[in-house]
Amino acid sequence: MKTESKQSPNAGDQLFLSGRKCSIKGTRNWVLSHPGVPLVGLIFLVTFPFGAGIKQTVPRVKFSHKELLQAGSISLLVGPADGLHSQSLLLDEERARLLLGARDHIYLLDLDNLAKAPRKIHWPASRERVETCNQAGKNANLECANFVRVLHNYNRTHVYACGTGAFHPTCAFIEITGHREDEVFQLLLNTVESGRSRCPFDPLQPFTSVLSDKYLYAGTSSNFLGKDTAFTRSLGPPPDQHYIRTDISEDYWINDAKFIYAHPIADTFNPDDDKIYFFFREVSWEGNDKSIVSRVARVCKNDMGGLRSLTNKWTTFLKARLVCSIPGPDGVDTHFDELQDIFLLPTRDDKNPRVYAVFTTSSSIFRGSAVCIYSMADIRAAFNGPYAHKEGPDHRWVEYEGRIPYPRPGTCPSKTYDPRIKTTKEFPDEVVSFIRFHPLMHRSVHPLTGRPVFTHVRVDYTLTHIVVDKVLADDGHYEVMFLGTDVGSVLKVVSITQETTEEVILEELQVFQQHLYVGSREGLTQVSLSRCHLYGQACAECCLARDPYCAWDGHSCSRYIPASKRRARRQDIKHGDPAMQCWDTEDIIGRGQIEEKVLYGIQNNSTFLECNPKSQQAQIRWYIQRSGSEHREEVSYLINQYTCSHWNHQ
């Protein structure tokens, strides 16, 4: 007798690429970095965000780390022999170089010649600091060293760098000048200074920083225990160095925060209105209830603090809640409360990037992750809306209904609003007092689609990081997400809407050399954004992959390149229907042919049945055909002999 299994095409085809543990960081430079864990993998998924409930998907195909190396899809640039422990990456596309901050070292790679050994600066913590760190009970290998966590371009010749310094943060300037043959790459020892409030003490503590107009904005802890969390501004061109921070005396400003991301975003065409937007999660108290909530906050870049109150403190600090939830029956939503990462996808208007956010659940019972998208218009609307008010520590936040002072608290001093007020030190006392006790906005910010564009539940990992690329395919533009996880994989996800309201973009945002640069404890890896040839040798396999980077060119599955003159290319991202795209190809014409594999067993003994189709989304069914019979029946029990068959294009 023999059995047969068949697999059917599935609209939600996906791709998994294996590697080592990693996570993602960057804006559009496609840099992946995780401080303390090994690098693992990449997955491609297709999602439909407008469906009801939580739609769970599985990868269509998987590739091992070895297969990716053999296919030339990944390459190791800096290996573990260098004692890496990657902490930060700075990609300079204009000069084709990549800086890597690691344990006790800073590496400089030439992206035009990746085979060239990287140059490096040895920057260890002092012996005294290491001994003190060890005596405090910290781990000698994972904590008591100088982990370089801050790398920012200061100007064309200098980079500002900070390291944990064995729980004694330290900062300095790096000089990078000259041509590649005689390039100067050195740490300027005369610029070494304390990194407190600029760099975290702990190499694994979440934090964020951004350098804008030579000022460093950072969200981190400012003490050894990691309890005093604050958002600060330091550096600055002399003599205008104004150190500003959030108010430590009021825990409803920022309480036990985990900072995620910060970026300057212009609100109007007047530079005096420019703001720094930053994202974090914190512990919030509502009466006696303690919970973790996610926030978006902003401060004015020209904030100089108050004159009599809030001296050297932000006088324009406002925050609002970010909500990412799935609507449920009877108004009971499933909330993803803990913000993990932010990515700003540029648009034609640099004042209105699309905000991608990764969230996880805070429940110990239900474990899941989600990606929500927000618009800057909705974020600004929350900050222009009503303020929240709290009568006392045992009360809840409610909408403030009293009189709002002038100028509106949170407004930047500029000619746009009142030319008489030139600095925050000229704000009336009632404005400063109001914002001190009303930093929270009453209205929350909800996602554009009203729900997540991607959810991942009932799996043994959670999402942690994200970068996004806008890709032009044959049937439109798609936003491809690369999502890092906490167990070692990177998901490559394309979210497909069935709506017809997609904005027409006039230009495609390209990434440097079409690569990801992945940093981890194990090394620095270059990963190709596409690996089309691994999907298969048939048109249907290429079509079912539904990868915006790939198309069938008539001979093979290859990189899709937009061209003004249409060529013989087959691609269907929205539907993934090979019957429509590949109807005249041999793999579709011969799709009824079944590949058989026959095993023989001894009667009354067990025989192990195994069928490993290429697609993990195939539906497997077993059929038994007994000796002397032409009839096949579906079975789910042990048999003597079987055939495992599946369509060769799935």
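The values are calculated or read from the model by the stated rules, or taken from the named source; none is laboratory data. This structure is a prediction, so every number in the text was calculated from the model and none was measured. As a convention, Cβ positions derive from the backbone with ideal geometry for all residues, glycine included, and neighbour counts pool all protein chains shown.
With respect to VAL148, is the statement that it is closer than 30 Å to ASP213 by Cα and either out of contact with any Phe, Trp or Tyr (no Cβ under 7 Å at 6 or more places or on another chain) or in a strand (DSSP E or B) (or both) true? Yes; evaluated as a whole, the condition is true for this residue. Residues that are of a type in the set (Lys, Arg) and touching a residue at least 12 places away in the same chain (Cβ under 8 Å) were ranked within the stretch 418-469; the one that is nearest to CYS324 (Cα to Cα) is ARG451. Annotation note: of ASP394, ASP418, the sole residue that is surrounded by 12 or more Cβ atoms within 10 Å (Cβ to Cβ), over 33 Å from the mean Cα position of the chain (by Cα), among the acidic types (Asp, Glu) and modelled with pLDDT under 90 is ASP418. The residue pairs whose first member lies in the stretch 389-417 and is acidic (Asp, Glu), whose second member is assigned to a loop (DSSP other than H, G, I, E, B), and whose beta carbons are closer than 9 Å, counting only pairs six or more residues apart or on different chains, are ASP394/GLY287; ASP394/ASN288; GLU399/PRO386; GLU399/HIS442; GLU399/ARG443; GLU401/PRO386.
Within the stretch 330-381, the set of residues being aromatic (Phe, Trp, Tyr) and either part of a strand (DSSP E or B) or free of Cβ contacts under 8 Å to residues at least 60 places away in the same chain (or both) comprises PHE343, TYR356, PHE359, TYR374. When PHE269, PHE279, PHE259 are checked against the criterion of being touching a Leu at 6+ places or on another chain (Cβ under 7 Å) and modelled with pLDDT of 90 or more, a single residue qualifies: PHE279. Does ALA81 fit the bill of being part of a helix (DSSP H, G or I), at pLDDT below 75 and small (Gly, Ala, Ser)? Here the answer is yes, as ALA81 does meet what is asked.
This table checks each residue for (1) of a type in the set (Ser, Thr, Tyr); (2) crowded, with 23+ Cβ neighbours inside 10 Å; (3) under 28 Å from VAL527 (Cα atoms); (4) modelled with pLDDT of 90 or more.
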site: ASP92; (1), (2), (3), (4): no, no, yes, no
site: ARG95; (1), (2), (3), (4): no, no, yes, no
site: ASP110; (1), (2), (3), (4): no, no, yes, no
site: PRO118; (1), (2), (3), (4): no, no, yes, no
site: THR132; (1), (2), (3), (4): yes, no, no, yes
site: ALA145; (1), (2), (3), (4): no, yes, no, yes
site: TYR160; (1), (2), (3), (4): yes, no, yes, yes
site: HIS168; (1), (2), (3), (4): no, no, no, yes
site: PHE173; (1), (2), (3), (4): no, no, no, yes
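Among the residues of the stretch 195-211, count how many are among the hydroxyl-bearing types (Ser, Thr, Tyr) and at pLDDT below 95. Qualifying residue count, the stretch 195-211: 1.
Every test in (1) under 13 Å from the mean Cα position of the chain (by Cα); (2) under 30 Å from LEU318 (Cβ atoms); (3) not aliphatic (A, V, I, L, M) is passed by GLU479 save one, and that test is (1).
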